[in-house]
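The values are calculated or read from the model by the stated rules, or taken from the named source; none is laboratory data. None of the values given here were measured: they were computed from a predicted structure. Here the Cβ is made from the backbone with ideal geometry for all residues, glycine too, and neighbour counts use every protein chain on show. Note: areas computed on protein heavy atoms with side chains; ligands, DNA, RNA excluded. Shrake-Rupley method; radii C 1.70, N 1.55, O 1.52, S 1.80 Å.
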Amino acid sequence: MKIDTDFNAKKLMPEADVAPDDGAQKYDVEIVAVSKSYDGGAKAVDTISLRIPKASYCCLLGPSGCGKTTTLRMLAGHESVTDGDVLIHNKNVTDGAPSARGTSMMFQSYALFPHLSALDNVAFSLKIKGVKKAERQAKAMEFLKLVQMEHLAHRMPAQLSGGQQQRVALARSLITRPKVLLLDEPLSALDPFLRVLMRTELKRIQTELGITFVHVTHSQEEALALSDLVVVMSDGQIMQAGSARDVFEKPTNAFVAKFIGGHNVIEVEGRKVSVRADKCRIVESVGGTNLPAEVTSIEYQGPMVRILVKDLDGKEYHAQISDSRFFADPPVVGEKVMFSWMPEDEWQLAA
Amino acid sequence: MGTKRSASYYVLSAVFAVFLLFLYGPMICVYLLSFQGPEGGMSFPMRGFSLTWFETLFTAGGRGVGDIHNSFVRSLRLGAIVALLTMLIGLAVGMSFRRRYPGGNFVFYSAIISMIVPGIFVGFGISLTLNMLGMRPEWWYSGIGAQLTWSLPFAMLIMFIILGRMDKSYEEAATDLGASSFQRFQYVILPLILPGVIGMFMAGFTSSYEESARAGLNIGTGNTMPMELTGLLGAATTPVMFAVGTLTTLFMFTLVITTLLASWSLAKRRQLRLSAQHA
């Protein structure tokens, strides 16, 4: 995909429109003790608080039903807030209309209007505002350029591929000059190749525009690759919020360690610790912890090889070993090995 | 294709063929007999082939065809108004059902029951009520009202299907982009459900055009087509009635095909306009 380097995205969003910067505002989004329950029943979101710094890429990560999409929809104003407050650019928007909060939402299904061309879809919000046809179409074309879709401006949504539809949906959201762009599982409908491509694109556009993106996903890989701030959710609560590196290296509890992947959650002398799989070995290590185990499965992953083992109690662990180390002395399935790690690689988890 | 068809394929095909025969056979008989020669009677065999009976229909000056011309105009007038009202009320009902509201179930089931209740008793009930109130039935209120009890449930079901199929996120997206509820309706919902809205109009018209059980007692003076035909067929002695059947079928087909062509050319024009912009 050719990226038009001459094209200045900033120009589309003059600073004054994006953020009236009085120096006091450090956060684009503040969620204060927000809860959501339906008909007085169980809480879909349970008293969460979160502050998203200016111009950051934030991923809400969690399994389905964890409340991440509900949280996003409350930010957008498409779902009412049962309790608590939502602030955007220091302004309380808890009860504000969706279009009056400075947010724009990109829907999972993209929700492009099927009876309008790509150009008219992007120009829709300007038409609502009463902008003249020639003017709004010219403006819409600028935003289609931003997402490299100007050559397909006159196609109908049904004539566009999933990736192209997504670009149009992105342009349609951005033309409203949102302070915060909300993306509901934006990559889940794409094939794996396109997913990685669009991921890079989203990050590029976020960086160029300098606004906050809040992106809901169930893919830890996506969250780690994109985020300045990863928010791991489970059962309507925030398990951990931090930088991608913090969440990966210092998971607060067993849920985060397991969900983020690449970790073994091990009980050592009554303590729960996590050990990164790439720090584990399947040879005896001097000064480390050694567990007699048996190799149950081997997955070749290119630069790394993932080895699954089962200890004497039947508990499963995995180790990720570089391919060179693996092929120096390749183990086979069924082989008895020592699953081992060093004490400094243990990370203490909350009970 | 070397695959052998199973026995059930042949059995079901035969059943379907018989079904088609029963469905269209009698109608084809009517169409054929309407071209009966001048000497021919109301049944086969055909004695020649002519347009005599069509000519009779338009020149007989009332002989054997009763008040058929005026009744056709009355049916057309009634049908058009019922169709328009069906479309508008159906649209409003459908839109109201996108959110649950207290009493919503009552509205739904009372409309469905109206499809089940025997029409003749609905008509009789309306007529009886009018009588008790000391009012004379007239086509423009009791006639239309009686027919709406029949056409509205269909319109409602059409709207439920169309709106149920519509992705809710279209509306949310429009809201997100700043559209008011009226703009949402105007720019997003209506264009998307337009085929269904036209469908409601057509369903309203066809159900009115052939309806007499409900309208019969409430139409006031002046028969509609189906009422006039019921009367005429009992006393018919010539194939002129068959000519009426052929023409009225032709009329309905023309109506449906015109509607289809109109919506097709509408879509085509939109496409052309787009490619013109592109050029």
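Computed values, structure above
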{"read-out": "Test: residue in the stretch B:164-185 that is within 18 Å of the chain's Cα centre (by Cα), at pLDDT 85 or above and open to solvent by 30 Å² or more (accessible area, probe 1.4 Å)", "value": "no"}
{"read-out": "Single residue of A:Phe113, A:Phe143 found to be within 8 Å of chain B (Cβ to nearest Cβ), under 30 Å from B:Leu266 (Cα atoms) and in contact (Cβ under 8 Å) with a residue 40 or more places away in the chain", "value": "A:Phe113"}
{"read-out": "Hey, B:Tyr170 among the hydroxyl-bearing types (Ser, Thr, Tyr), more than 14 Å from chain A (Cβ to nearest Cβ) and part of a helix (DSSP H, G or I) or not", "value": "no"}
{"read-out": "Residue within the stretch A:256-272 that is more than 30 Å from A:Ser234 (Cα to Cα), out of contact with any helix residue (DSSP H, G or I) (no Cβ under 6 Å at 6 or more places or on another chain) and not charged (D, E, K, R) present", "value": "no"}
{"read-out": "Qualifying residue in the stretch A:271-278 (condition: assigned to a loop (DSSP other than H, G, I, E, B) and open to solvent by 20 Å² or more (accessible area, probe 1.4 Å))", "value": "no"}
{"read-out": "Of all residues in the stretch A:70-86 being open to solvent by 40 Å² or more (accessible area, probe 1.4 Å) and outside any loop (DSSP other than H, G, I, E, B), the one that is farthest from the other protein chains (Cβ to nearest Cβ)", "value": "A:Asp83"}
{"read-out": "Counted residues, the stretch A:49-91 - those being farther than 23 Å from A:Gln108 by Cα and β-branched (Val, Ile, Thr)", "value": "1"}
{"read-out": "The stretch A:46-60, residues that are over 22 Å from A:Gly210 (Cα atoms) and surrounded by 14 or more Cβ atoms within 10 Å (Cβ to Cβ)", "value": "A:Asp46, A:Thr47, A:Ile48"}
{"read-out": "Options A:Ser99, A:Ser109; residue that is closer than 29 Å to A:Thr200 by Cβ and either surrounded by fewer than 23 Cβ atoms within 10 Å (Cβ to Cβ) or at pLDDT below 95 (or both)", "value": "A:Ser109"}
{"read-out": "Hey, B:Gly37 without any contact (Cβ under 8 Å) to a residue 60 or more places away in the chain and in contact with a helix residue (DSSP H, G or I) (Cβ under 9 Å, 6 or more places away or on another chain) or not", "value": "yes"}
{"read-out": "Candidates A:Ala153, A:Ala134, filtered to the one that is within 12 Å of chain B (Cβ to nearest Cβ) and either under 22 Å from the mean Cα position of the chain (by Cα) or surrounded by fewer than 19 Cβ atoms within 10 Å (Cβ to Cβ) (or both)", "value": "A:Ala134"}
{"read-out": "Qualifying residue in the stretch B:214-233 (condition: in contact with a helix residue (DSSP H, G or I) (Cβ under 9 Å, 6 or more places away or on another chain), open to solvent by 40 Å² or more (accessible area, probe 1.4 Å), of a type in the set (Gly, Ala, Ser) and more than 14 Å from chain A (Cβ to nearest Cβ))", "value": "no"}
{"read-out": "Yes/no for A:Ala171 being within 30 Å of the chain's Cα centre (by Cα), closer than 25 Å to B:Ser180 by Cα, among the small types (Gly, Ala, Ser) and within 13 Å of another protein chain (Cβ to nearest Cβ)", "value": "yes"}
{"read-out": "Positions within the stretch B:234-246 being in a helix (DSSP H, G or I) and surrounded by 15 or more Cβ atoms within 10 Å (Cβ to Cβ), in sequence order", "value": "B:Val240, B:Met241, B:Phe242, B:Ala243, B:Val244, B:Gly245, B:Thr246"}
{"read-out": "Residue in the stretch A:176-208 that is surrounded by the fewest Cβ atoms within 10 Å (Cβ to Cβ), counting only those that are among the basic types (Lys, Arg) and within 21 Å of A:Pro98 (Cβ to Cβ)", "value": "A:Arg177"}
{"read-out": "Selection within the stretch B:173-192 - facing chain A (nearest Cβ under 8 Å) and among the aliphatic types (A, V, I, L, M)", "value": "B:Ala173, B:Ala174, B:Leu177, B:Ala179, B:Val188, B:Leu192"}
{"read-out": "Pair list, Cβ < 7 Å and 6+ apart or interchain, from the stretch B:246-266 residues that are under 19 Å from B:Ser34 (Cβ atoms) to residues that are aromatic (Phe, Trp, Tyr)", "value": "B:Thr246/B:Tyr31"}
{"read-out": "Residue among B:Ile193, B:Ile126, B:Ile189, B:Ile158 that is open to solvent by 40 Å² or more (accessible area, probe 1.4 Å), under 30 Å from A:Ser109 (Cβ atoms) and of a type in the set (Val, Ile, Thr)", "value": "B:Ile158"}
{"read-out": "Test set (1) away from every other protein chain (no Cβ under 11 Å); (2) free of Cβ contacts under 8 Å to residues at least 24 places away in the same chain - A:Ala97 fails condition number", "value": "(1)"}
{"read-out": "Residues of the stretch A:216-250 that turn out to be open to solvent by less than 50 Å² (accessible area, probe 1.4 Å), assigned to a loop (DSSP other than H, G, I, E, B) and touching a strand residue (DSSP E or B) at 6+ places or on another chain (Cβ under 6 Å), as a count", "value": "2"}
{"read-out": "Listing of helices (runs of 4 or more DSSP H) fully contained in the stretch A:89-189 that carry 3 or more residues being hydrophobic (A, V, I, L, M, F, W, C) and touching a Pro at 6+ places or on another chain (Cβ under 9 Å)", "value": "A:162-174"}
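Quick grid of which residues meet (1) touching a Leu at 6+ places or on another chain (Cβ under 7 Å); (2) of a type in the set (Val, Ile, Thr); (3) open to solvent by 50 Å² or more (accessible area, probe 1.4 Å); (4) assigned to a strand (DSSP E or B):
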position	(1), (2), (3), (4)
A:Glu299	no, no, yes, yes
A:Ile307	no, yes, no, yes
A:Lys310	no, no, yes, yes
A:Gln320	no, no, no, yes
A:Ser324	no, no, yes, no
A:Trp347	no, no, yes, yes
